[in-house]
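Everything below concerns the one structure shown next.
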Amino acid sequence: MKNILIYNEYISEKNNPEAKSVYPNGIHIALKNIFSDEDYNVNCITLENYAEFLTEDYLKTIDCLIWWGHLAHEKISDDIAILIKNCVLKGMGLIVLHSGHMAKPFVSLMGTSCTLKWREGDKEILWNVNPSHPIAKDISEYLILNGEEMYGEYFDIPKPDDVVFAGWFSGGEVFRSGVTFSRGRGRIFYFQPGHETVPTYYNNDIKKIIQNAVNWVTDVKKNDVIDCPNTKPVFNNR
Ligand code: ZN
């Protein structure tokens, strides 16, 4: 059983009628519904209660944190961003969705500005450019997403370990839409689709990708401490 924690700031779906009509119960509930109860234990938190849950003891129990944020990145405390970063270094998986590219924990793990180009209302063709990667398992050559928000290069991230998906937009822009990183013992997946006013998280292929990503980022051995041992040579007497 994998323990998944979904953070969604949950602002647009309350204040923007367009977002509310697509995700009446919040993006976090649409994301939670991706996962079956038999294999995953999923909990959701929002900006209103995140500080109560994001403690060291609680995060120790979490295998994967999924993050959706947009308007309230600055409201997340620096201490909690550092705590999340340290949990990733110890092996907790992190999946950052869409506008989460500017979330404090992600920016701090990347060490770059994580800025990009954007424009609302575009058609995206999401190309599977790494079909043997576990996150692309059972995903076809490309998906068409009508009405996604355009995110374009240059995306200021460090060179990813892998680019799994590349987006093309009808305005001509391209984007590294699905990228992986390892930091310490942890695995990170950033995934671009998921603007709040379009029903992307109900798309079966997108759901499959997010599920694959959870399985991939949690396929690591966690450690209680960030490794930095001073040790004798292993092979001295052999
Ligand atoms: Zn957006």
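Scan the range 91-116 for residues that are away from the ligand (no atom under 16 Å from the Cβ) and either within 17 Å of N215 (Cα to Cα) or of a type in the set (V, I, T) (or both) and the total you get is 7.
Taken over the range 14-43, residues that are out of contact with any Leu (no Cβ under 9 Å at 6 or more places or on another chain), assigned to a helix (DSSP H, G or I) and under 13 Å from G194 (Cα atoms) amount to 4. Entry remark, the range 162-197: residues being within 16 Å of the ligand (Cβ to nearest atom), under 15 Å from the mean Cα position of the chain (by Cα) and polar (S, T, N, Q) number 2 in total.
For the range 125-135, the tally of residues that are open to solvent by 40 Å² or more (accessible area, probe 1.4 Å) and touching a residue at least 24 places away in the same chain (Cβ under 8 Å) stands at 3.
Among the candidates T200, T218, which residue alone is within 16 Å of the ligand (Cβ to nearest atom) and surrounded by 17 or more Cβ atoms within 10 Å (Cβ to Cβ)? None of the others qualify; the one that does is T200.
For the range 57-72, residues that are over 14 Å from L94 (Cα atoms), open to solvent by 10 Å² or more (accessible area, probe 1.4 Å) and either assigned to a loop (DSSP other than H, G, I, E, B) or at pLDDT below 95 (or both) total 2. Here G152 meets the list (1) open to solvent by 20 Å² or more (accessible area, probe 1.4 Å); (2) in contact (Cβ under 8 Å) with a residue 12 or more places away in the chain; (3) not hydrophobic (A, V, I, L, M, F, W, C) almost entirely, failing just condition (1). Taken together, D138, D122, D79 contain a single residue that is open to solvent by 50 Å² or more (accessible area, probe 1.4 Å) and either free of Cβ contacts under 8 Å to residues at least 40 places away in the same chain or more than 21 Å from A213 (Cβ to Cβ) (or both), which is D79. Taking the range 1-25, which residues are of a type in the set (S, T, Y) and surrounded by fewer than 16 Cβ atoms within 10 Å (Cβ to Cβ)? The one that is of a type in the set (S, T, Y) and surrounded by fewer than 16 Cβ atoms within 10 Å (Cβ to Cβ): S21.
Among the residues making up the range 26-43, those that are among the hydrophobic types (A, V, I, L, M, F, W, C) and open to solvent by less than 40 Å² (accessible area, probe 1.4 Å) are I27, A30, L31, I34, F35, V42. Screening the candidates V174, V164 for the property of being hydrophobic (A, V, I, L, M, F, W, C), free of Cβ contacts under 8 Å to residues at least 40 places away in the same chain and open to solvent by 40 Å² or more (accessible area, probe 1.4 Å) yields one hit, V174. In the set (1) surrounded by 14 or more Cβ atoms within 10 Å (Cβ to Cβ); (2) in contact with a helix residue (DSSP H, G or I) (Cβ under 7 Å, 6 or more places away or on another chain), M110 fails one condition alone, (2). For the range 125-236, the strands (runs of 3 or more DSSP E) that sit wholly inside it and include 1 or more residues that are on the phi > 0 side of the Ramachandran plot are 142-152.
The values are calculated or read from the model by the stated rules, or taken from the named source; none is laboratory data. Since the model is a prediction, treat every value here as computed from it, not as a measurement. Please note: Cβ atoms are built from the backbone with ideal geometry, for glycine as well, and neighbour counts cover all protein chains shown. For the accessible areas, the whole protein counts, side chains as well, though only heavy atoms, and no ligand, DNA or RNA atoms are used. Shrake-Rupley method; radii C 1.70, N 1.55, O 1.52, S 1.80 Å.
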